[in-house]
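Let me begin by presenting the structure, written as structure tokens, before commenting on it.
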Amino acid sequence: MYFELFILILIQESGILQRFMNKGHINILAIESSCDDTSAAVIRDGIVLSNLIATQKVHELYGGVVPEMASRAHMQNIVPVVDVALKQAGIEKHDIQAVAFTQAPGLIGSLLVGACFAKAYAQALDVPLIAVHHMQAHVLAHFIEEPKPSFPFLCLTVSGGHTQIVLCKDHLDMEVVGETQDDAAGEAFDKVAKMLGLPYPGGPMVDKLAKEGDPKRFIFPLTQMKGYDFSFSGIKTAVMYFLQAEKKKDPDFVTNNLNDICASVQYTIIKMLMQKLEKTAADLNIKHIGIAGGVSANSALRQALTDAGQKKGWQVYIPKFEYCTDNAAMIGVTAYYKYLKGEFADLSVTPTARASWS
């Protein structure tokens, strides 16, 4: 009896028991480093065991992400973030069956840090390497937890760099049916916030202040595009000229009307998003609708989608806040489906600042 107990303790301490328990599972280490967040996650059979994110507060001082500073911070953060992600998942590095990373799009210096780390890690362990497109991963964030969408479904992906309507036919079979022809919705939020003197990141601040404002106090033009495409450069220009004119009459105009300005701008941007989404869903006769990307954390957009779903009989899918912004869990889940299909990358694969994926 004592001998058996001694052997059990020895096995536990040596990690042999852990490796035995992990045998037969698909354990994937995922790295996300497309912008200013260093994230690592461990995915087992499509289930998230850990999801760590190290943010870079230094960019707040500059009103936006400084690419060189971002890449340097990734180099400092990536080893400890991966180490903690493995520990929280209860996984040893030798239990990893594949290493995934964000290949595109993003800041090239930031992407290079994640790619180089992932390549070295995969090569050292002699396991497959999986390259993941960031926007495809945002869509597949819907498959991290229940309820998961049924195919086909439409996903409105809205971030600082992208605004797209994606027709999802299967986990890895997607088609971009509409997208912005100039600025992204997230960029419009951030640029307007900067005009208003709000701190970076501006989008969440606009959302917060808009809750106390009147969304119909100020009227801004709705840019109309053919088909399912968007344009958000017009709203930025309209707000700029509006503020210039009003501040000439009242230097304190922004301070005295900040909540109403934020609410009115947000109302206009979300209305443009929802009009196109509703048109696409009606034309394609699709009732399963989701949102993804950083701007999908916006409370008014989430509510607008919920309201539209109730009115039109949609089945609506909205990810948790932690899976809306950049995170490695969505990279890992995407990699899981690519692993099942044997879609592995060669070590010669290189990061790309911009890349099509459908």
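The values are calculated or read from the model by the stated rules, or taken from the named source; none is laboratory data. Computed from a predicted structure; not experimentally measured. A quick note on method: Cβ atoms are made from the backbone with ideal geometry, for glycine too, and the neighbour counts reach across all protein chains shown. Remember, those area values only see protein heavy atoms, side chains included, never the ligands or the DNA or RNA. Shrake-Rupley method; radii C 1.70, N 1.55, O 1.52, S 1.80 Å.
Would you mind telling me which numbered condition in (1) in contact with a Leu (Cβ under 8 Å, 6 or more places away or on another chain); (2) open to solvent by less than 20 Å² (accessible area, probe 1.4 Å); (3) part of a strand (DSSP E or B); (4) in contact (Cβ under 8 Å) with a residue 40 or more places away in the chain Gln103 fails?
With (1) in contact with a Leu (Cβ under 8 Å, 6 or more places away or on another chain); (2) open to solvent by less than 20 Å² (accessible area, probe 1.4 Å); (3) part of a strand (DSSP E or B); (4) in contact (Cβ under 8 Å) with a residue 40 or more places away in the chain applied to Gln103, the lone miss is (2).
Can you confirm whether Lys93 is at pLDDT below 95, of a type outside the set (Phe, Trp, Tyr), in contact with a helix residue (DSSP H, G or I) (Cβ under 8 Å, 6 or more places away or on another chain) and open to solvent by 20 Å² or more (accessible area, probe 1.4 Å)?
So Lys93 passes the test.
Can you go through Ser34, Ser39, Ser50 and tell me which one is open to solvent by less than 30 Å² (accessible area, probe 1.4 Å), touching an Asp or Glu at 6+ places or on another chain (Cβ under 7 Å) and modelled with pLDDT of 95 or more?
Answer to the check: Ser39.
Considering only residues that are open to solvent by 20 Å² or more (accessible area, probe 1.4 Å), at pLDDT 95 or above and either closer than 26 Å to Gly106 by Cα or out of contact with any Asp or Glu (no Cβ under 8 Å at 6 or more places or on another chain) (or both), which ones fall in segment 284-301?
Result: Leu284, Asn285, Lys287, His288, Ser299.
Quick check on my filter: what residues within segment 331-355 are small (Gly, Ala, Ser) and either in contact with a strand residue (DSSP E or B) (Cβ under 8 Å, 6 or more places away or on another chain) or at pLDDT 95 or above (or both)?
The answer is Gly332, Ala335, Gly342, Ala345, Ala353, Ala355.
Just the residues that are open to solvent by 40 Å² or more (accessible area, probe 1.4 Å), within 16 Å of Ala104 (Cα to Cα) and of a type outside the set (Asp, Glu), please, taken from segment 328-355.
Passing the criteria: Phe344, Leu347, Ser348, Thr350, Thr352, Ala353, Arg354, Ala355.
Results for (1) open to solvent by less than 50 Å² (accessible area, probe 1.4 Å); (2) in a loop (DSSP other than H, G, I, E, B), shown as yes or no for each residue.
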position	(1), (2)
Met174	yes, no
Val177	yes, no
Lys194	no, no
Lys208	no, no
Asp214	no, yes
Gly227	yes, yes
Gly234	yes, no
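Exactly one condition in (1) at pLDDT 95 or above; (2) under 22 Å from Tyr339 (Cα atoms) is not met by Val177; state its number.
Here Val177 clears every test but (2).
Does Gly161 satisfy the condition of being open to solvent by 10 Å² or more (accessible area, probe 1.4 Å), in contact (Cβ under 8 Å) with a residue 40 or more places away in the chain, part of a loop (DSSP other than H, G, I, E, B) and more than 19 Å from Leu52 (Cα to Cα)?
yes
Note down all Cβ pairs under 7 Å where the first residue falls in segment 304-333 and is at positive phi, the second is open to solvent by 10 Å² or more (accessible area, probe 1.4 Å), and they're at least six residues apart or on different chains.
Gly313/Lys287
From the list Ala304, Ala308, Ala281, Ala245, pick out the single residue that is out of contact with any Pro (no Cβ under 8 Å at 6 or more places or on another chain), surrounded by 20 or more Cβ atoms within 10 Å (Cβ to Cβ), more than 14 Å from Ala185 (Cα to Cα) and among the small types (Gly, Ala, Ser).
After ruling out the rest, the residue left standing is Ala281.
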